[in-house]
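Here the structure comes first, spelled out in structure tokens, and everything after it is commentary.
The values are calculated or read from the model by the stated rules, or taken from the named source; none is laboratory data. Bear in mind that the values here come from a model prediction, so they are computed numbers and not experimental data. Backbone-built Cβ (ideal geometry, glycine too); neighbour counts: all protein chains shown.
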Amino acid sequence: MVLEIKKISKNFGGIQALTDVSFSIEQGEVLGLIGPNGAGKTTMFNMITAMFPPSSGEIGFLGQSLSGLKPHEITKRGICRTFQNIRLFSELTVRENVMVGNHCRLTTGVLQSVFRTKYQKQEEENVLRNSDEILEIVGLSEFGQTIAKNLSYGQQRRLEIARALASRPQLLLLDEPAAGMNEKETNDLFDLIKKIQALNITILLIEHDMPLVMRICSRIVVLNFGKKIAEGTPSSIQNNKEVIEAYLGVEEEDELA
Amino acid sequence: MLSELINPYYLQVATFILLNIILGVSIYITLGTGQLSLGHAGFMSIGAYTSAILTLNYNVPLVIGIIIAAVFTGFIGVLIGFPALRLQGVYLAIATLGFGEVIRVLFINWEGLTNGAIGIRGIPHLGREILSFSESLGFSPGMIGLKNNQFVSLAVFLVLLIISIGVIWFFIRQSNSRIGRAFASIKMDEEASEAMGINITYYKILAFGQGALLAGFAGALYAHLTAYISPSDFGYHRAVEILIFAIFGGSEVIWGPIFGAIFLSTMPEFLRVISEYRFMIYGALLVLMMAFRPQGLIDTNVVNWIKRPRLKKKEGKHGTGNKKDK
Ligand SMILES: Nc1ncnc2c1ncn2[C@@H]1O[C@H](COP(=O)(O)OP(=O)(O)OP(=O)(O)O)[C@@H](O)[C@H]1O
Ligand SMILES: [Mg+2]
């Protein structure tokens, strides 16, 4: 078991975003996390990466509790994420974005950096090489020197993944990576996720693109109004009554609101 | 021959421009992590008073005094850096401006140590120290055909020039490294860089401490250049002056505050009128820059344009379609 979510609840000043959600992720799988808008999926990512502390519950990673760790410490442990609303370092180049992602695997400090010790030079060479390898994987090799904000939307989404990969995660959290992508880009994304899986990286995927989710996930967890309403294989989820109702019910809820 | 070329007055002006460059860089470093600190006049005064008191009252050698003053100010900067983490943008600016005023009032009232509003006189002068040191080695300015005051101004200018180049070199190197990348990413998106594994607490405090250390260092140099300091040297007009170097020149690249410091300290020398209305002009500049060029005159594009006049720009195609289906 890579990640174990134990009865996580999160309350945002009255809004119950998550209520006693538990599930776990097995080594090497792609687990889908789906649910209607506002179901609490992104909030779950924020709990795992310690962007906010949970109101209650605990998260275990590779047998150790993540409670009380800071976000950067979580990343160092081997969990990294992408953002639903792209949050690249928009003025940096594509390659620099990936290099920033590599930060937590490097050790040179101020003096070594300024006086360019042998070790520092070697480390910088490795960073450049790693970054280029990762850009190759996500198919952005030719854009290394491009300023990140000048990339197309789909390319920016892939750069988010590249930046996260640079931290050498064991568990990768993808928050709607296909949002805003056209069909071709979504197909490329499918291949990319497969490639990442082949690198022995476990993936937790939030996605609204159901065909993609059904095609790529080994198991799916469904949230609705902050509660887990179903968990299982894609086919069992597709035929789950409560899940279908949750998705159909959205319009009704909107009208009520 | 040489003696005709060396005008002590111009050298002094140039020396203070170099000092302003160091101050400009000091605020740029802190800004480099997105922290706008207006406390640099306060940090400067801590450095100035520390070195003045150490050298004057405790006979500490001048060089040691300056180093201790810089390190001590850096330490104070780290202490201030922690509460500063809780403040963003304009709130941080106001709080640090307040910090500077508190320090100034403290120096006015701590008369036993600082001589209050009257200030401290007779601080060992960098130039004269250099002169007496070289005389002790059997050298006299006359040997190279210079008058004493010419030699002193020249020596001080050269020392400041070497120090400034060293400072600029240090921070250019730092910015082209893992540290610089961390600073830049924090400036652009603090939460995202935290999520990418960057210890933002460490780097923000590092930047705050480095900025304070540099301002304290400049303050200590200032004390030994003028030989006289008083709290009014470090009032809020000084804080604004340092800020305007970075706002006018730019705070994206190190050349911005350097250009700002050079330009804004040179202009009053050419146009006396500017000198009289200095702070009015600063105020107008602040408003104009914020309205029309918030990144300052020198930004990354300008630097790239200077470096590579015919750089081809690769534009990505922009994605189409916004889909959100269920
Ligand atoms: N920082 C926050 N402060 C207050 N409320 C929040 C915060 N973050 C999320 N929420 C609320 O928690 C609920 C769950 O939001 P969340 O972003 O997790 O949904 P989601 O499942 O990711 O939805 P979507 O598919 O639209 O991205 C929403 O009602 C949202 O308004
Ligand atoms: Mg979301």
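Considering the stretch A:49-82, the residues that are among the hydrophobic types (A, V, I, L, M, F, W, C) and within 14 Å of ligand 1 (Cβ to nearest atom) include one that is farthest from the other protein chains (Cβ to nearest Cβ), namely A:52. Scanning the stretch A:190-213 for residues that are away from chain B (no Cβ under 13 Å) and surrounded by 15 or more Cβ atoms within 10 Å (Cβ to Cβ) gives A:190, A:192, A:193, A:196, A:197, A:201, A:202, A:203, A:204, A:205.
The sole residue among B:265, B:275 that is away from chain A (no Cβ under 14 Å), touching a residue at least 40 places away in the same chain (Cβ under 8 Å), in a helix (DSSP H, G or I) and over 21 Å from residue B:47 (Cα atoms) is B:265.
In the condition set (1) more than 16 Å from ligand 2 (Cβ to nearest atom); (2) over 21 Å from residue B:199 (Cβ atoms), residue A:72 is compliant with all but (2). Residues that are at the interface with chain B (Cβ under 7 Å from one of its Cβ atoms), of a type outside the set (Asp, Glu) and either touching a Lys or Arg at 6+ places or on another chain (Cβ under 8 Å) or farther than 16 Å from residue B:195 by Cα (or both) within the stretch A:88-99 comprise A:90, A:92, A:99, listed in sequence order. Reported count of residues in the stretch A:18-43, each being away from ligand 1 (no atom under 16 Å from the Cβ) and not charged (D, E, K, R), is 6.
The helices (runs of 4 or more DSSP H) falling completely within the stretch B:98-192 that include 2 or more residues that are polar (S, T, N, Q) and modelled with pLDDT under 95 map to B:126-136, B:148-175. Answer with yes or no whether residue A:219 is farther than 30 Å from residue B:182 by Cα and either surrounded by fewer than 24 Cβ atoms within 10 Å (Cβ to Cβ) or more than 13 Å from chain B (Cβ to nearest Cβ) (or both). Criteria met by residue A:219. The C-beta contact set for the stretch A:42-53 (first residue within 12 Å of residue A:21 (Cβ to Cβ) and in contact (Cβ under 8 Å) with a residue 24 or more places away in the chain, second residue assigned to a loop (DSSP other than H, G, I, E, B) and more than 9 Å from ligand 2 (Cβ to nearest atom), distance under 7 angstrom, 6+ apart or interchain) comprises A:47/A:54.
Checking each residue in the stretch A:52-69 for being away from ligand 2 (no atom under 16 Å from the Cβ) and part of a loop (DSSP other than H, G, I, E, B) picks out A:53, A:54, A:55, A:62, A:63, A:66, A:67, A:68, A:69.
To keep it simple, each residue is scored yes or no on (1) modelled with pLDDT of 95 or more; (2) hydrophobic (A, V, I, L, M, F, W, C); (3) not assigned by TED's automatic domain parsing to the domain that holds residue A:229.
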| site | (1), (2), (3) |
| --- | --- |
| A:3 | yes, yes, no |
| A:16 | no, no, no |
| A:38 | no, no, no |
| A:41 | yes, no, no |
| A:61 | yes, yes, no |
| A:70 | yes, no, no |
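Of the residues making up the stretch B:182-198, none is surrounded by fewer than 24 Cβ atoms within 10 Å (Cβ to Cβ), away from chain A (no Cβ under 14 Å) and aliphatic (A, V, I, L, M).
Residue under question is residue A:231, and the condition is that it be within 20 Å of the chain's Cα centre (by Cα) and within 26 Å of residue A:100 (Cα to Cα); does it hold? So residue A:231 does not fit the description; no.
The lone criterion from (1) more than 30 Å from residue B:247 (Cβ to Cβ); (2) out of contact with any strand residue (DSSP E or B) (no Cβ under 7 Å at 6 or more places or on another chain) left unmet by residue B:42 is number (1).
Among residues of the stretch A:122-161 being over 17 Å from residue B:185 (Cα atoms), at the interface with another protein chain (Cβ under 9 Å from one of its Cβ atoms) and of a type in the set (A, V, I, L, M, F, W, C), the one that is surrounded by the fewest Cβ atoms within 10 Å (Cβ to Cβ) is A:143. When A:46, A:85, A:102 are screened for being within 14 Å of chain B (Cβ to nearest Cβ), away from ligand 1 (no atom under 16 Å from the Cβ) and under 17 Å from the mean Cα position of the chain (by Cα), only A:102 passes.
In this structure, is residue B:271 farther than 16 Å from residue B:28 by Cα and modelled with pLDDT of 80 or more? No. Residues that are modelled with pLDDT of 95 or more, farther than 28 Å from residue A:137 by Cβ and surrounded by 23 or more Cβ atoms within 10 Å (Cβ to Cβ) are absent from the stretch A:84-94.
Scanning the stretch A:173-192 turns up no residue that is under 22 Å from residue B:180 (Cβ atoms) and at pLDDT 95 or above.
Only a single item in (1) β-branched (Val, Ile, Thr); (2) away from ligand 1 (no atom under 11 Å from the Cβ); (3) without any contact (Cβ under 8 Å) to a residue 60 or more places away in the chain is not met by residue A:15, and it is number (2). The set of residues from the stretch A:54-85 being touching a strand residue (DSSP E or B) at 6+ places or on another chain (Cβ under 7 Å), in contact (Cβ under 8 Å) with a residue 24 or more places away in the chain and over 14 Å from residue B:192 (Cβ atoms) comprises A:54, A:55, A:56, A:57, A:58, A:59, A:60, A:61, A:78, A:79.
Within the stretch B:260-313, the set of residues being among the basic types (Lys, Arg) and within 22 Å of the chain's Cα centre (by Cα) comprises B:278, B:293.
Can you find a residue in the stretch A:231-241 that is within 14 Å of chain B (Cβ to nearest Cβ) and within 16 Å of ligand 2 (Cβ to nearest atom)? No, because not a single residue in the stretch A:231-241 is within 14 Å of chain B (Cβ to nearest Cβ) and within 16 Å of ligand 2 (Cβ to nearest atom). Against the definition (more than 12 Å from chain A (Cβ to nearest Cβ), hydrophobic (A, V, I, L, M, F, W, C) and touching a residue at least 24 places away in the same chain (Cβ under 8 Å)), how does residue B:213 come out, yes or no? No, not satisfied.
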